[in-house]
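All remarks here apply to the structure that follows.
The values are calculated or read from the model by the stated rules, or taken from the named source; none is laboratory data. Being a predicted model, the structure only gives us computed values, none of them experimental. Here Cβ is always computed from backbone atoms with ideal geometry, including for glycine, and neighbour counts include all displayed protein chains. Areas reflect the complete protein model, heavy atoms only, side chains present, ligands, DNA and RNA absent. Shrake-Rupley method; radii C 1.70, N 1.55, O 1.52, S 1.80 Å.
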Amino acid sequence: YLQIDGGSTRTRAFKDINFDDDIKATFGAGSDLKIYHYGTGSMIENETGPLQIKQDANDEDIQFFADDGSGGMTEYFRLDGDVGYMIASKAIRALDSVNLQLGASADFTMQHNGTNTILQNFTGDLEIIQGADDKDIIFKCDDQSGGLTTYLTLDGSNGYIRLEDDRRLTIGSGND
């Protein structure tokens with residue numbers, strides 16, 4: 001079942017090795033890396049330096065799977081080595097007051113603080129671009145009765161700004 005091979009300086013296992021609950025497989029001179037199952041869950045512990053996961057196979061991925069909520073297994077997240085970006089297969093949720101930061105210096109942030117949604121830009125211009133041919137940018141808001149209605153449309157196919165019927169454009173702090 002086990003072969004200790006002095007010529008290749010390695011020990012080979014030809015059958016599964018089963019560690020009982022709370023028995024750790026440890027690695028390193030100081031047992032700095034531990035992998036174990038504690039009866040109701042499993043753990044990978046690293047006590048020194050970075051914990052790195054490395055995929056050396058050309059154009060291959062690192063995939064993260066978990067229960068899909070109905071007893072099946074599904075991929076939730078992938079680091080795609082072929083195309084060079086991350087793919088989320090399920091919704092990504094940031095809790096209240098957690099910033100989504102973009103840019104090397106967090107130059108743009110998005111956050112919901114439990115009450116309001118905040119977009120902040122700290123460098124350069126903030127551009128909103130609609131790149132689809134002959135499509136619009138549509139601004140919707142509550143219609144004062146719990147529904148949504150369109151108030152303003154930037155019309156890409158006709159090249160104008162449309163304020164919907166029965167809406168007013170007010171200018172100045174006194175709406176005058």
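Expressed as a whole percent, the accessible surface of segment 62-110 that belongs to carbon and sulfur atoms is 55, based on a 1.4 Å probe. Over segment 1-50, Cα pairs under 8 Å with separation of 6+ residues give a relative contact order of 22 percent. Per-residue surface analysis assigns Ile129 an accessible area of about 130 Å², computed on protein heavy atoms at 1.4 Å probe radius.
Checking (1) 0.98; (2) 1.07; (3) 1.75 against the coordinates, the calculated Cα Rg over 2.2 N^0.38 Å falls under label (3). Normalised per residue, the accessible area of segment 63-118 is 76 Å², obtained with a 1.4 Å probe and no contribution from ligands, DNA or RNA. Taking amide H atoms as placed 1.01 Å from N in the peptide plane, the amide H of Asp61 lies under 5 Å from those of Gly81, each 5 or more residues away in sequence or on another chain. Using a simple spin-label model with pseudo-atoms 7 Å out from Cα toward Cβ, Asp166 and Glu75 lie 4.9 nm apart.
For segment 33-176, the Cβ-based charge dipole about the Cα centre amounts to some 420 debye (Lys, Arg positive; Asp, Glu negative; other atoms uncharged).
In segment 1-118, a dipole from Cβ-located charges (positive for Lys and Arg, negative for Asp and Glu) runs towards its positive end, and of Thr11, Ile87, Ser42 it is Thr11 whose Cα lies farthest in that direction. When only Cα pairs under 8 Å and 6 or more residues apart are kept, what is the percent relative contact order across the chain? Here the relative contact order equals 7 percent. Listed by chain and number, the lysines placed with their C-alpha closer than 21 angstrom to that of Lys24 are Lys15, Lys34; residues fewer than eight positions away on the same chain are left out.
How much length would be gained if the chain were fully extended between Lys135 and Asp32, taking 0.36 nm per residue of separation minus their Cα-Cα distance, in nm to one decimal?
Once the chain is fully extended between Lys135 and Asp32, it gains 31.4 nm.
Indicate the gyration tensor shape class of segment 78-132 (rounded, prolate or oblate), computed on the Cα atoms with a ≥ b ≥ c the square roots of the eigenvalues: a/c under 1.5 is rounded; otherwise a/b larger than b/c is prolate and the rest oblate. Oblate, because a/c is 1.5 or more while a/b does not exceed b/c.
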